[in-house]
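One structure is given below, encoded as structure tokens.
The values are calculated or read from the model by the stated rules, or taken from the named source; none is laboratory data. In this text, all values refer to a predicted model and were calculated from it rather than measured experimentally. Here the Cβ positions follow ideal geometry from the backbone for every residue, glycine too, while neighbour counts run over all protein chains shown. What goes into the accessible areas is simple: the full protein's heavy atoms, side chains included, and nothing from ligands, DNA or RNA. Shrake-Rupley method; radii C 1.70, N 1.55, O 1.52, S 1.80 Å.
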Amino acid sequence: MPSNPKPKPKPRYKKSFQAPKGMRDILPEEQIYWDKIEQTIKNLADAYGFKLINTPILEDSELFIKGTGIYTDIVEKEMYSLRTKGGDKLSLRPEFTPAIIRAYLENGLSSLPHPVKLYSIGPIFRYERPQKGRYRQSYQANFEIIGEKDPILDAQLIQLSFSINNALGLKNLITQINSIGCTKCRPIYKKAIMSFYRKRKKELCSNCQKRYQQNPLRLLDCKEKKCVQIAEQAPPIIDYLCEDCHNHFKNVLEYLDELEIPYILNSHLVRGLDYYNKTVFEIWPEDEERRQIALAGGGRYDKLVKLLGGKDTPAVGFAIGLDRAVNQMKEKGVKVPLKSRPLIFLAQLGDLGKKKSLKLFEDLRKAGLKTISSLSQNTITSQLKIANRLQVRFTLILGQKEALDKTIIIKDMLSGSQEIIPLEKVIDRLKKKLKHKT
Ligand code: HAM
């Protein structure tokens, strides 16, 4: 017999679990906001001629490295990447755009009449430092117009983002807008920026010292105080735009004037994704700039389709952050109508009553009478308590006696009066009562 019994292995699980950092549960009571947002987006997407597309949450990591850009924060620091058992390198999508273009090319959507207008709603994943309005799993509604270079579409997308926000009760928004040029004029601006920063390199934060080599335009939107001060003196890109980019930008602004959309020119807005050219924009609540909570962002990306293997095809798009929209709706006290609550409670008693109530619940539901029941409760008192709490208009009581007699009791919860009627008449009777008494 062994003298020392083997020590029990320590359990390897934690006692209680929490959602991963920066990710959260969206509880039933919050769903009214999300329902409202989803409905609004679907209605407006349809009105503006967009078709829904769903793509996988995981994509080949290379797609984002190539599409979003190797030196972007998203690819350098924020992707959730994994290797499958089969050895594939996949990433949870940190944004939609490259995935939508991949789907457009892979599924032959490029042979449809253009422009092709696609929208998606779903989660994105970025390993960012969590704070209010910034989550590691967040939700976007993403819109892309593929195959058209006309600046009128840039303006219409900005209008769409306003239409969505306004329909959600979010007003007082402002567009920040800039043009970051094209492959012709941007290299000239890059040189100017690098020459401006050359003498000031040592004063920059460590991140910007790296950006100087890899992604000099990003020097302009660093949020570090010392970098902001330097950026203020940097030459504005507008002065370096080629004729085509200049005219494009001028047209976008004229269309925005026509639409009466408020905007400010922000020469430091360069956006953190590599594919953009010409127009870039963000939509901000007027009082939120300090907290760095843009509600939506987007721009033109005329080279991405080709970069990902397609023909030279211009495109423009934007995404709206849904978590931020919900937060704003709550902060601004936007009222969202509650879902219609059930007006009928079905109470049951005894084995036979319980059995019959199962079928009756189905019949009521099919007849369009929204009913709630508590089939696992066995006492009438506990069931009536629930019915009272839910403030239903009528409670149906189907006990052993009623089940045997094929009758049912209808209790009026306002007057307290009750009547017994044949079970087969209950639906007609309730419909009449609800018509007259609610
Ligand atoms: P983005 O500016 O990276 O653009 O994201 C768009 C919006 O998504 C942001 O303005 C913000 O409201 C929301 N968002 C982004 N990250 C988070 C986060 N960690 N937590 C909460 N909300 C977040 C894009 O993603 C581009 N793909 C948009 C686009 C489409 N450009 C062209 N087509």
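Summary of computed values
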item	result
Search result, residues across region 413-438 that are surrounded by 12 or more Cβ atoms within 10 Å (Cβ to Cβ) and touching a residue at least 24 places away in the same chain (Cβ under 8 Å)	M413, L423, V426, I427, L430, K431, K433, L434, K437
Qualifying strands (runs of 3 or more DSSP E) (wholly inside region 255-320; at least 2 residues being more than 9 Å from the ligand (Cβ to nearest atom))	263-265, 277-285
The lone exception for V336 - which of (1) in contact (Cβ under 8 Å) with a residue 60 or more places away in the chain; (2) within 11 Å of the ligand (Cβ to nearest atom); (3) closer than 30 Å to Q131 by Cα it fails	(2)
Any pair with Cβ under 6 angstrom, 6 or more apart, that starts in region 159-180 at a residue that is under 30 Å from R218 (Cβ atoms) and ends at one that is crowded, with 21+ Cβ neighbours inside 10 Å and polar (S, T, N, Q)	L170/Q328; L173/N165; S179/T279
Matching residues in region 139-158 - criterion: being open to solvent by less than 20 Å² (accessible area, probe 1.4 Å) and either within 9 Å of the ligand (Cβ to nearest atom) or in a strand (DSSP E or B) (or both)	A141, N142, F143, E144, I145, I146, L157
Residues (in a helix (DSSP H, G or I), within 36 Å of the chain's Cα centre (by Cα) and either more than 17 Å from L434 (Cα to Cα) or touching a residue at least 12 places away in the same chain (Cβ under 8 Å) (or both)) located in region 351-386	F361, E362, L364, I386
Any hit, region 53-65, residues being within 14 Å of the ligand (Cβ to nearest atom) and closer than 23 Å to R218 by Cα	yes
Total residues in region 335-345, condition modelled with pLDDT of 95 or more and not aromatic (F, W, Y)	1
Positions within region 122-136 being assigned to a strand (DSSP E or B) and surrounded by fewer than 17 Cβ atoms within 10 Å (Cβ to Cβ), in sequence order	G122, P123, Q131
Any hit, region 43-66, residues being open to solvent by less than 30 Å² (accessible area, probe 1.4 Å) and modelled with pLDDT under 95	no
Number of the exception - S161 against (1) crowded, with 21+ Cβ neighbours inside 10 Å; (2) assigned to a strand (DSSP E or B); (3) not aliphatic (A, V, I, L, M)	(2)
Residues within region 78-121 that are within 27 Å of D221 (Cα to Cα), outside any loop (DSSP other than H, G, I, E, B) and more than 12 Å from the ligand (Cβ to nearest atom), tallied	3
Qualifying position, being surrounded by fewer than 17 Cβ atoms within 10 Å (Cβ to Cβ), within 22 Å of P187 (Cβ to Cβ) and not aromatic (F, W, Y), among K226, K311, K278, K306	K306
Residues of region 168-197 satisfying the condition of being part of a helix (DSSP H, G or I) and open to solvent by 50 Å² or more (accessible area, probe 1.4 Å)	P187, I188, K190, K191, S195
Which numbered condition A347 fails, given (1) assigned to a helix (DSSP H, G or I); (2) away from the ligand (no atom under 16 Å from the Cβ); (3) open to solvent by less than 40 Å² (accessible area, probe 1.4 Å)	(1)
Subset of region 387-420 [assigned to a helix (DSSP H, G or I) and within 16 Å of L343 (Cα to Cα)]	A387, N388, R389
